[in-house]
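This report concerns only the one structure given below.
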Amino acid sequence: MTHRPATFAALLGLTRAASAIGDFWIQDDFCARVKGASDDHPVTYQDPVTEEKTVHGTADGRSACLHHCLTYTATQAIVAGAGARALGIKVHPAAAAAALAISFTTHYAADRRVPGKGLLEKIATKTGKGGFYKLADFGMNGAFHLDSAWHHGWETVAALIATTKATTR
């Protein structure tokens with residue numbers, strides 16, 4: 001018999017921790033800076049070691065975002081999988097795959113922050129949060145906070161899905 005609320009809480013905690021690890025420790029500098037690049041809004045990247053500057057457009061932005069989301073989702077799979085095993089939770093493979101697919105897809109949609117065209121910027125503007133999205137003063141970064149809230153919300157949905165048919169060992 002499974003205790004679904006406890007399973008949900010455990011999986012949410014594990015995926016939340018993995019999200020922070022994937023976003024801030026695993027993601028490399030190149031992906032973090034280039035993932036929002038487009039041909040209309042190219043990004044100049046300076047390699048921190050060689051100091052070589054390169055310019056990146058849409059294809060590189062998509063590739064950098066894809067690479068980040070793959071490593072982010074892999075981090076969640078490893079952390080949640082190992083944590084669930086350690087806690088004696090057996091997650092149904094289809095539920096785990098669906099949860100990770102939601103995490104990957106929604107993360108990519110949020111992180112392709114092409115200026116004026118990104119999903120979060122559009123949602124923020126349409127809901128009256130456009131000013132907050134653009135806030136980058138007083139020690140605040142509105143886009144970062146709205147991005148985090150987006151990810152937390154979808155991680156909650158993914159954790160709910162991951163608890164489907166979960167059992168204890």
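The values are calculated or read from the model by the stated rules, or taken from the named source; none is laboratory data. All values derive from a computational prediction rather than experimental measurement. Backbone-built Cβ (ideal geometry, glycine too); neighbour counts: all protein chains shown. Ligands, DNA and RNA are stripped out before the accessible areas are found, and what is left, the full protein with its side chains, is counted by its heavy atoms. Shrake-Rupley method; radii C 1.70, N 1.55, O 1.52, S 1.80 Å.
A compact table of results
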quantity	calculated
Region 139-169, residues that are assigned to a loop (DSSP other than H, G, I, E, B) and surrounded by fewer than 19 Cβ atoms within 10 Å (Cβ to Cβ)	139, 140, 141, 164, 165, 169
Selection within region 90-138 - closer than 30 Å to residue 169 by Cβ, open to solvent by less than 40 Å² (accessible area, probe 1.4 Å) and either without any contact (Cβ under 8 Å) to a residue 12 or more places away in the chain or hydroxyl-bearing (Ser, Thr, Tyr) (or both)	103, 106
Checking residue 112 against (1) more than 25 Å from residue 76 (Cβ to Cβ); (2) within 11 Å of the chain's Cα centre (by Cα), the condition it does not meet	(1)
Restricting region 75-89 to residues that are of a type outside the set (Val, Ile, Thr) and either in contact with a helix residue (DSSP H, G or I) (Cβ under 8 Å, 6 or more places away or on another chain) or more than 30 Å from residue 163 (Cα to Cα) (or both), the residue that is surrounded by the most Cβ atoms within 10 Å (Cβ to Cβ)	80
Subset of region 1-50 that is of a type in the set (S, T, N, Q), in a loop (DSSP other than H, G, I, E, B) and modelled with pLDDT of 95 or more - its residue that is least open to solvent (accessible area, probe 1.4 Å)	38
Residue 62 part of a helix (DSSP H, G or I) and surrounded by 14 or more Cβ atoms within 10 Å (Cβ to Cβ)	yes
